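Each reported figure results from applying straightforward, stated rules to the coordinates on display, with no laboratory input. As the structure is a computational prediction, the values presented were derived from the model and not from experiment. Here Cβ is always computed from backbone atoms with ideal geometry, including for glycine, and neighbour counts include all displayed protein chains.
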There are 2 protein chains.
Amino acid sequence: MNNNQHIQLLINHINQDVILDNDVIKKLSSIIVFNELNKKEFLIEPGETADSMNFIVQGCMRSYYLDENAQEHTLQLGIEEWWINDLYSYLSRKKSRMYVQALEKTLLIQLPRLELEKLYIEVPEISNFFRIKIQNAYVAVQERVIDSMSDDAYERYDNFRKSYRNIEQRVPQYIIASYLGVTPEFLSYLRKKHS
Amino acid sequence: MNNNQHIQLLINHINQDVILDNDVIKKLSSIIVFNELNKKEFLIEPGETADSMNFIVQGCMRSYYLDENAQEHTLQLGIEEWWINDLYSYLSRKKSRMYVQALEKTLLIQLPRLELEKLYIEVPEISNFFRIKIQNAYVAVQERVIDSMSDDAYERYDNFRKSYRNIEQRVPQYIIASYLGVTPEFLSYLRKKHS
DNA sequence: TTCCATTCTTAAGATACCTTAAGTTTTTTC
DNA sequence: GAAAAAACTTAAGGTATCTTAAGAATGGAA
């Protein structure tokens, strides 16, 4: 695949929510930065500030943080046509406390914050699109709070498999466990019990 | 207290984040709606759509939802000078699945969405202010996900007391339990054990 | 002031989930 | 293709939290 096809993937994705004309597509294309990450490579590490929106063209990524006991907790997973970021750092412009990492060799389209914000002024559709994305991110996080309070671990795992059918096979189980908030051993036990 | 003093409370609150001149204050004042709720009265119930931003002038409120087993789960608590809402419903304009309820006789200042959005166009400071509030809401929810994965129930209770010192005394313990994600019996047990 | 409803506590027994440790399987590296 | 590293499984024993049920304390209404 060449860069034009990659850009087309992004345009099609955005077109699902708002309509972009050719002029806007040209403007948007002009601020795109491609970034290729190897497996296990970090896009963001604690102390850095997230300064772009990141669209996965090809590959698989996650964001996670380490608690006081150096335990990993995965906050977000993403594959092709998902956005990945530390949205907190991006929005607040403060230093991240998280890692954003490639789980496979991954190709990203990045939209730098400063140039994107200039585009918002000229192109309300782009502004609307990211407003919707940020709303969705809020809803997704709130859903997790709700789930973590009302569901037990197996129900959460079951929900996860339904919502992320394509992701499950590509991600090690210990990372799924760290997303669900259980130990890998307990997830393994649950899988056996319900199989 | 009279309405002008109540409006002043809101203005002072907003002034902590952005600077409003007299002209803006006049415009903002003109869209304010006061709303008084009795104890246990609902501001929002499932099926309704949140159509205003709601600032607590006096009183205490919470938002919660019921899971499949009719268990209450408290998502947000607020007292004087806090905002309370179902932000998901407000932002997405979809029907709420939550209750937003007064825990005491409560006086609100409401800013209707349609008029507020008109103001955003004229007054970027107001738009910025709510952008910051929504960012903060996102961060707060994400903090809860992180806490629920890394802390045990007593740590969460301890964090809650530090963050919401003024709220703890005004809210029944079973509601705090439903915020922390534990049973009231277990919270009672924890309090005794650590006292 | 009394009564009824609401909230809080206590305790016993049950369950979900964790810790540790060891062995097995799969993936990566050279 | 062999060796090393990473990921997964199993199982035993422990801890955190829940369920149920009953009684005690508190608060609101008449």
Legend entry - the range A:1-66 - convex hull of alpha carbons, volume per residue in Å³: 117 Å³
Inset, instruction - Give me the Kirkwood hydrodynamic radius of the range B:80-175, using the inverse of the mean 1/r over all pairs of distinct Cα atoms, in Å to one decimal. - result: 16.0 Å
Inset, instruction - Please report, in debye to the nearest 20, how large the charge dipole of the protein assembly as shown is about its Cα centre when each Lys and Arg carries +1 at its beta carbon and each Asp and Glu carries -1 there. - result: 380 debye
Inset, instruction - May I ask you to evaluate 6.51 cos²θ - 1.76 cosθ + 1.60, the Karplus curve with θ = phi - 60°, for each residue of the range A:48-61 and list the ³J(HN,Hα) values in order in whole Hz, giving x for glycine and proline? - result: 7, 10, 6, 10, 8, 8, 10, 10, 7, 7, 8, x, 8, 9
Legend entry - Two-site FRET efficiency, A:T183 against A:K95, from Cβ-Cβ distance with R₀ of 22 Å, rounded to 0.05: 0.15
Inset, instruction - Step through the residues of the range A:82-98 one at a time and calculate ³J(HN,Hα) from phi using the Karplus curve (6.51 cos²θ - 1.76 cosθ + 1.60, θ = phi - 60°), rounding each to whole Hz and writing x for Gly and Pro. - result: 10, 9, 9, 5, 9, 5, 4, 5, 4, 6, 8, 6, 9, 5, 6, 10, 10
Legend entry - Under 5 Å, built H, 5+ apart or other chain: amide partners of B:L43: B:V100, B:Q101, B:A102
Legend entry - Cα centroid of the range B:137-165 to Cα centroid of the range B:100-124, whole Å: 27 Å
Legend entry - Nm distances between copies for B:W82, ranked from closest, using label points 7 Å along Cα→Cβ: 3.2
Legend entry - Value of Rg/Rh across chain A [Cα atoms, Kirkwood radius]: 0.99
Inset, instruction - Using label points projected 7 Å from each Cα along Cα→Cβ, tell me how many nm separate B:E45 and B:D23, to one decimal. - result: 4.5 nm
Inset, instruction - Calculate one ³J(HN,Hα) per residue across the range A:39-44 by plugging θ = phi - 60° into the Karplus curve 6.51 cos²θ - 1.76 cosθ + 1.60, and present them in order as whole Hz with x for glycine and proline. - result: 3, 6, 6, 9, 8, 9
Inset, instruction - Mind giving me the nanometre distance, one decimal, between the label points for A:N4 and A:N136, set 7 Å out from Cα along Cα→Cβ? - result: 2.7 nm
Inset, instruction - Give the value in nm², to one decimal: projected area of the alpha carbon convex hull of the protein assembly as shown, averaged over all directions. - result: 21.4 nm²
Legend entry - For the range B:3-119, Kirkwood radius (reciprocal of mean inverse C-alpha pair distance, Å): 14.8 Å
Legend entry - Over 18 Å between alpha carbons, listed pairs A:K94/B:K118; B:K27/B:K118; A:K94/B:K162: A:K94/B:K118; A:K94/B:K162
Inset, instruction - Give the long-range amide H neighbours of A:E80: residues separated by 5 or more places, or on another chain, with amide H under 5 Å away, using H modelled in the peptide plane at 1.01 Å from N. - result: A:G59
Legend entry - Test item: Cα-centred dipole of chain B, Lys/Arg +1 and Asp/Glu -1 on Cβ, debye: 240 debye
